[in-house]
Amino acid sequence: MRSKSGQVGAAALDVFEVEPPVNNPLVGHEKVVCTPHLGASTEEAQENVAVAVAEQIVDYLVHGTIRNAVNFPSIPADQVATLQPYITLAEKIGAFASQIFEAA
């Protein structure tokens with residue numbers, strides 16, 4: 001925020017070279033708001049992530065539902081059989097494309 005004089009009146013920062021910032025004069029300044037770069041850095045966020053992961057594991061073990069996997073689409077267990085041929089086709093097309101096209 002700029003003041004009428006043209007000087008910075010306040011600032012909000014969320015990225016520091018070292019996290020958490022050490023001996024940084026901006027931290028604690030009355031006109032600067034500092035937050036962790038990663039929202040998951042708070043204790044509450046870490047607990048929420050742990051609960052979400054536990055729920056996802058239970059969903060898989062009890063219902064066969066996979067959610068938020070890096071290498072598998074998030075689909076209900078009852079749709080896996082229907083979609084599996086398309087998933088396999090997409091994997092094969094991706095493998096084929098990576099073999100015939102050169103890197104840009």
Please quote Rg/Rh for the chain to two decimal places, taking the Kirkwood radius as Rh and restricting both calculations to Cα atoms. 1.24
Charge dipole of the chain about the Cα centre (unit charges at C-beta), most positive-ward option of Pro21, Gln84, Ser5: Ser5
Accessible area (Å², 1.4 Å probe, nearest 10) - Ile57: 90 Å²
Karplus-derived 3J(HN,Hα) from phi for the stretch 43-48 (6.51 cos²θ - 1.76 cosθ + 1.60, θ = phi - 60°), whole Hz, x at Gly and Pro, runs 4, 5, 5, 4, 5, 4
Length-normalised contact order for the chain - Cα pairs under 8 Å, 6+ apart - percent: 13 percent
The answer for Leu13, listing residues at least 5 apart or on another chain whose modeled amide H is closer than 5 Å to its amide H, is Val33, Cys34, Thr35
Rounded to the nearest percent, how much of the accessible area of the stretch 15-104 (1.4 Å probe, protein heavy atoms only) is carbon and sulfur? 61 percent
Roll a 1.4 Å probe over the protein chains and send me the accessible area per residue for the chain in Å². 85 Å²
Output ³J(HN,Hα) for the stretch 90-95: one whole-Hz value per residue in order, computed from phi by the Karplus curve 6.51 cos²θ - 1.76 cosθ + 1.60 with θ = phi - 60°, and x for Gly and Pro. 4, 4, 5, 5, x, 5
So what J values fall out for the stretch 71-77 if you push phi through Karplus, 6.51 cos²θ - 1.76 cosθ + 1.60 with θ = phi - 60°, rounded to Hz, Gly and Pro as x? 10, 8, x, 7, 9, x, 4
Would you mind checking which residues have amide H under 5 Å from Ile75's amide H? H placed 1.01 Å from N; only 5 or more apart, or other chain. Ile66
Just to be sure I understand the model, the point goes 7 Å from the Cα along the line to the Cβ. What's the resulting Glu55 to Phe101 distance in nm? 3.7 nm
Which of the GluC sites (Glu not before Pro) across the stretch 22-77 are loop residues per DSSP, with 12 or fewer other Cβ within 10 Å? Glu30
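The values are calculated or read from the model by the stated rules, or taken from the named source; none is laboratory data. Remember, it's a predicted structure, so these values are computed and weren't measured experimentally. Using ideal geometry, Cβ is built from the backbone for each residue, glycine included, and neighbour counts are taken over all protein chains shown. All accessible areas refer to the heavy atoms of the entire protein, side chains included, with ligands and DNA or RNA removed. Shrake-Rupley method; radii C 1.70, N 1.55, O 1.52, S 1.80 Å.
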